[in-house]
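All remarks here apply to the structure that follows.
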Amino acid sequence: MNAIEFRESFRKFLKNDERYKKFVAIINRGRDSRLLFWQERAIEQFCEKHALKIPSFVVLQEIFSVCELHGNTLEYGKVKVFCGHVDYSPDYTKACAKLFPNSYMSSVNGPEEMYGENYGIRFCKACREAEQQWRDEHAWQG
Ligand SMILES: [Zn+2]
């Protein structure tokens with residue numbers, strides 16, 4: 001089973017698109033580098049059904065490296081780590097979650113020792129286009 005087959009049959013296995021999207025979102029943007037309990041259970045059951053070895057988190061990250069909104073493969077990029085905490089407006093935060101969850105256009109908030117450095121991220125091209133459009137419409141400079 002290759003990554004695409006794995007993803008597609010897992011999506012069908014979950015029988016719920018919202019759940020699948022949440023699964024992908026947590027793998028891509030979760031705070032810890034591990035699965036949540038329900039995700040672990042789902043992967044275990046899926047692997048058992050297909051007689052597969054349970055992939056490590058790193059492998060799962062590769063398999064599910066897609067935008068949960070647009071479905072395309074995430075690309076590697078770098079953004080500068082922002083000094084201090086960026087205070088995004090509620091409008092922006094809402095739009096981001098809904099329209100461009102994997103944009104990573106702006107600098108990211110990071111730990112102090114990383115200020116000014118470039119941080120490897122994965123982004124979705126379609127998300128970036130959506131963010132640019134949103135920024136243009138809202139005259140927003142971030
Ligand atoms: Zn996207």
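Quick rundown of the values:
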item	result
For the chain, accessible area per residue (1.4 Å probe, heavy atoms of protein chains only), Å²	64
0 to 90° range, to nearest 10: angle between helix 90-99 axis and the chain longest Cα axis	40
Spatially proximal aspartates and glutamates relative to Lys49 (Cα-Cα < 18 Å; intrachain offsets below 8 disregarded)	Glu5, Glu8, Glu40
Computed E for Ala126/Lys49 - FRET, C-beta separation, R0 25 angstrom, nearest 0.05	0.20
Angle in degrees between helix 125-138 and the longest Cα principal axis of the chain, rounded to the nearest 10	40
Amide H within-cut-off set for Lys80, under 5 Å, with H built and near neighbours excluded	Val108, Tyr119
Where labels lie 7 Å past Cα in the beta-carbon direction, separation of Asn2 and Glu40 in nm	3.2
Carbon and sulfur %, accessible surface of the chain computed with the full protein complex present, 1.4 Å	51
Sequence ranges 4-12, 30-38, ranked by mean other-Cβ count within 10 angstrom, highest first	4-12, 30-38
Cα-based reach from Lys80 at 20 Å (exclusive), listing lysines while leaving out same-chain residues under 8 positions away	Lys125
Helix 37-49 axis, angle to the chain major axis (alpha carbon atoms, nearest 10°)	40
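The values are calculated or read from the model by the stated rules, or taken from the named source; none is laboratory data. Since the structure is predicted, the reported quantities are computational estimates derived from the model, not experimental observations. FYI the Cβ positions are ideal-geometry reconstructions off the backbone, even for glycines, and counts take in every protein chain you see. Note: areas computed on protein heavy atoms with side chains; ligands, DNA, RNA excluded. Shrake-Rupley method; radii C 1.70, N 1.55, O 1.52, S 1.80 Å.
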